[in-house]
Amino acid sequence: MVDITLHGRKKIRSCELLRIIQKLLQNVLEEYIMLKKQSCQTKFFLFLITIINTVQAQAADQEQPIIALSSQPIKRVEQAHITTIKPIKLEDSDLANFIVSRHGHIHQETLDPVALSKNKSFYNDKQNKIPTKKIGTKSEIEICSSLPLTPEENAQLGKQINDGMNLFFNKLKKNNVTKRLVKLYVLDNKSDFETGKSNLETLIQKSPALLNLFGSDILLSKGKELLEDKKMTAFFPVEGLDILRKPEYSNMIYLRASHEDELKALVTYSITKLNHKKFAVFYEASDWGEAVLESLKKVLDSLDFKLLADGSYPPGTVDILNAVGKISKASPNAIFCIAKSLPADNFISKAMDAGMFKSTFLGLSNILSIQKTVKKSHGATLIASSVTPDPEKNSLPLTKQYRDDMKKYLPNRQLSSYSFESYINTMLLYESIKKINEPLTTEKLITALADTKDLLGLKLSFDPATRTLSHQVWISDGSDKEWFLVNSKDLFHEKALVKTVVSENKTV
């Protein structure tokens, strides 16, 4: 296919332009006749409209904007500002009549470039394809991610997620039998909102497939916009909010259970194991923190429980003294920590100093890493949830393989639930890639992933309502025992038990 660009606003004589057009159309028509594909048909019409309008404008001695004609119409159409060109009727042009006379009637509705540019299926045909290139006898597939890798105080989880991906892909590269390799592009969002948004814009130019995205604010703003425009497919975001877990986001799929699932498991543990029912919450006053707070209220309301107190801290700080004061007055025996690691650690320390040493603290998976520190430094018990089995003690073949691979390929890194989750996500994606014939598309991948029922002993079941493969939650009680899988269904779905719990609550 010939790639011709008429640069700037230089005027060209019609006869010179027509010689270029003649060569271009000959190539386009040959490709169309040979391939007989809709994408080529669309390409031909777009080229033809652009050319005809250019000839008419030159004949009228008018200047034209840049016109780019290429075998890659999606990107080039935007450069050519094709939406500014007025639709014309084929019969108004001798050149068009010549084409029609040789190749038959063309329906008029295909000639509106504005409609074509707005037709999502036209764009999706290209955007859904994951870039793949041949390297000898192997294929290399391009996958992207954006993570907080700096500054150091905010980058712990981002680095663990990155470790999980690199662990699996590096292992893949060392396997000489592997026919499909993955080239991973990771950008550091620097824990900055604007940088994170810019990263997504940059990465979708490389590949529409984004893996293990992390960062609620970025995902719920720019990520949401790109998902709705079908410009991005998000595979396994490391995110627990329910806002994007809806059937309409068909170009997104989760592995991890939601924050609501985690909260149900923590409430179940507090009520059934500890008999602690006087609840309070310490939370981050951000979109993320307030969304999780609403989920917690929903979970407690379903059992006819209410929060006795709540205290918050401004995001990006460890200013927790006001929260300690408010919560300590209520004398709760179960305090939820919906917070980042440093503020949570500081809050628990000050809460113990304020006399709340009989309280149990409950935290989501994002503060699981401070559990041992809290016990050792402050003498407090932190019960934490996890969306993965115990990476150190679980006996599933999947967990054993993770431990073996970490020891072999990343011996200087510690085992963690986040690197394990990322490792599982990456393996799931690759196992589905192996099942798909080229061309590889995000739609094919989503379908294959949704059909996955088992991954080396880890049971999965896709829930189309929440776009989630797993609702399983494990609890770490802070001891040396293996984390245990919580069944919160008994508490939240069996009416007899719910009535018992509600009755007990009224006497507390």
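The values are calculated or read from the model by the stated rules, or taken from the named source; none is laboratory data. For clarity, every value in this text was computed on a predicted model and none was experimentally measured. Cβ: placed from backbone, ideal geometry, glycine included. Neighbour counts: every protein chain shown. Note: accessible area is taken over every heavy atom of the protein model, side chains too, but ligands, DNA and RNA are not part of it. Shrake-Rupley method; radii C 1.70, N 1.55, O 1.52, S 1.80 Å.
Too long at a 21 Å Cα-Cα cut-off: which of 264/297; 197/231; 297/489; 375/481; 277/481; 326/350?
Pairs exceeding 21 Å: 277/481.
Count charges around residue 140 for me, please; just the other residues with Cβ under 10 Å from its Cβ, Lys/Arg as +1, Asp/Glu as -1.
+4
Going by accessible area, probe 1.4 Å, with all protein chains left in place, what is the ranking of 357, 235, largest first?
From most accessible down to least: 357, 235.
In the range 357-445, with Lys and Arg counted as +1 and Asp and Glu as -1 at Cβ, which of these residues, 437, 381, 394, has the Cα nearest the positive end of the dipole, that is, farthest along it?
Of the options given, the answer is 381.
Would you kindly calculate the mean projected area, averaged across all directions, of the convex hull enclosing the Cα atoms of the range 297-406, in square nanometres?
It is 8.8 nm².
Take the alpha-carbon centre of the range 376-411, take the same for the range 211-265, and report the distance between them in whole Å.
One Cα centre to the other: 24 Å.
Mean projection of the alpha-carbon convex hull of the range 336-392 over all orientations, in nm²? Don't jump to the answer; show the numbers that get you there.
Details: hull surface 15.2 nm².
Mean projected area of the Cα convex hull: 3.8 nm².
Shape call for the range 163-303 from the C-alpha gyration tensor, a ≥ b ≥ c root eigenvalues: rounded (a/c under 1.5), prolate (a/b greater than b/c) or oblate?
It is prolate, given that a/c is not under 1.5 and a/b is the larger ratio.
So for the range 149-214, Kirkwood radius off the Cα pairs, Stokes-Einstein at 20 °C and 1.002 mPa s: how many µm² s⁻¹?
For these conditions, the coefficient is 162 µm²/s.
For the full complex of protein chains and a 1.4 angstrom probe, list 471, 276 by accessible area with the highest value first. If you can, show how the numbers build up before the last one.
Numbers: 471 85, 276 40 Å².
In descending accessible area the options line up as 471, 276.
What is the spin-label model distance, in nm, from residue 177 to residue 243 if the labels are put 7 Å beyond Cα along the C-beta direction?
If labels sit at residue 177 and residue 243, their model points lie 4.5 nm apart.
Work out the charge dipole of the range 151-275 with +1 on the Cβ of Lys and Arg and -1 on the Cβ of Asp and Glu about the Cα centre, then indicate which of 241, 175, 203 is farthest towards its positive end.
175
Here are some pairs, 129/435; 138/174; 222/459; 133/173; which of them have Cα atoms lying more than 22 Å apart in this structure? It would help to have the intermediate numbers written out before the result.
Details: 129/435 16 Å; 138/174 13 Å; 222/459 32 Å; 133/173 16 Å.
Result: 222/459 exceed 22 Å.
Computing the accessible area with a 1.4 Å probe over protein heavy atoms, can you report the carbon and sulfur percentage for the range 140-195?
After summing per-atom areas, the C and S share lands at 49 percent.
Hey, what does the equivalent ellipsoid look like for the range 383-495, semi-axes from the Cα gyration tensor as sqrt of 5 times each eigenvalue, largest first, whole Å?
Result for the range 383-495: semi-axes of 26, 22, 10 Å.
Taking H as built 1.01 Å from N, whose amide H comes closer than 5 Å to the amide H of residue 187, not counting residues under 5 places away?
145, 146, 147
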